[in-house]
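J.: Below is the structure I would like to discuss, written out as structure tokens.
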Amino acid sequence: MTTKSIRRATLDDVPAITQIRNDAHAKKVTYGDHAWGKEGDGFSEGWVHNHVAKRPVYVVECHRILAGAFSLDFDDDAHWGLQEPVAGYVHGLCVRKGFNGAGLGSFMLDWCADTVRGVNRRFVRLDCAVQNTRLCAYYEALGFVRVGVKQDGYLWSLYERAVD
């Protein structure tokens, strides 16, 4: 049985999170998704350090290896515009190379749903690039419904899933 747990990231996790983000970035690029940049762009440790210092970033440990990362915010999201406080917003959901297909994405999103429910909100929301049809299909298979699109120089699918 695989032991998985989620905890708040610390600055000591920055090198591992940087690798995880860059693994996910490389995979996104193979599907024509350049939302995080073109091939070779990637994330620096400085960028990840700043992100962890300023946002609620979480990591997934799988047998003591950092295998995934994401952010969960409860403030209004730039892609969603001004909203009633009914949701939690997931960003940067990513998995380390070698851990794809191990159920970590659904594990992270279920944890987010539990957390959102725990603060009496009704939806988990996220966005992804419209042209990454594989990622859109993945979220839809996990019960997310596309409720809109947003264009800001890039075209985003806006997804939500009820937490109950």
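J.: Which one of these is of a type in the set (Asp, Glu) and buried (at least 17 other Cβ atoms within 10 Å of the Cβ): 84, 160?
T.: Only one candidate passes the filter, namely 160.
J.: In the stretch 134-160, which residues are touching a residue at least 40 places away in the same chain (Cβ under 8 Å) and within 16 Å of the chain's Cα centre (by Cα)?
T.: Scanning the stretch 134-160 gives 134, 135, 156, 158, 160.
J.: Run down 68, 98 and say which single residue is loosely packed, with under 14 Cβ neighbours inside 10 Å and small (Gly, Ala, Ser).
T.: Within the list 68, 98, the selection yields 98.
J.: Being basic (Lys, Arg) and buried (at least 17 other Cβ atoms within 10 Å of the Cβ), is that true of even one residue in the stretch 129-146?
T.: No.
J.: Separate question: Taking the stated definitions as given, is residue 112 within 15 Å of the chain's Cα centre (by Cα), over 21 Å from residue 57 (Cα atoms) and not polar (S, T, N, Q)?
T.: Considered against the rule, which asks whether it is within 15 Å of the chain's Cα centre (by Cα), over 21 Å from residue 57 (Cα atoms) and not polar (S, T, N, Q), residue 112 comes out as no.
J.: Return the residue satisfying two criteria in turn: it lies in the stretch 1-23 and is farther than 16 Å from residue 52 by Cβ and touching a residue at least 60 places away in the same chain (Cβ under 8 Å), and of such residues it is surrounded by the fewest Cβ atoms within 10 Å (Cβ to Cβ).
T.: This residue is 3.
J.: Quick one: which of 116, 149 is assigned to a strand (DSSP E or B) and β-branched (Val, Ile, Thr)?
T.: 149
J.: If you don't mind, another one. With respect to the numbered conditions (1) within 23 Å of residue 118 (Cα to Cα); (2) in contact (Cβ under 8 Å) with a residue 60 or more places away in the chain, which one is the sole condition not fulfilled by residue 62?
T.: (1)
J.: Separate question: Given (1) without any contact (Cβ under 8 Å) to a residue 24 or more places away in the chain; (2) exposed (fewer than 15 other Cβ atoms within 10 Å of the Cβ); (3) under 15 Å from the mean Cα position of the chain (by Cα), where does residue 106 come up short, assuming only one miss?
T.: It fails just one condition, (1).
J.: Give the residue that is farthest from residue 86 (Cα to Cα), with candidates limited to residues of the stretch 128-164 that are out of contact with any strand residue (DSSP E or B) (no Cβ under 9 Å at 6 or more places or on another chain) and acidic (Asp, Glu).
T.: Filtering first and then ranking leaves 152.
No lab work stands behind these numbers, since they all come straight from the coordinates. In this text the structure is predicted, and so the values were computed from the model without any measurement. Ideal geometry is used to build each Cβ from the backbone, glycine not excepted, and the neighbour counts take in all protein chains shown.
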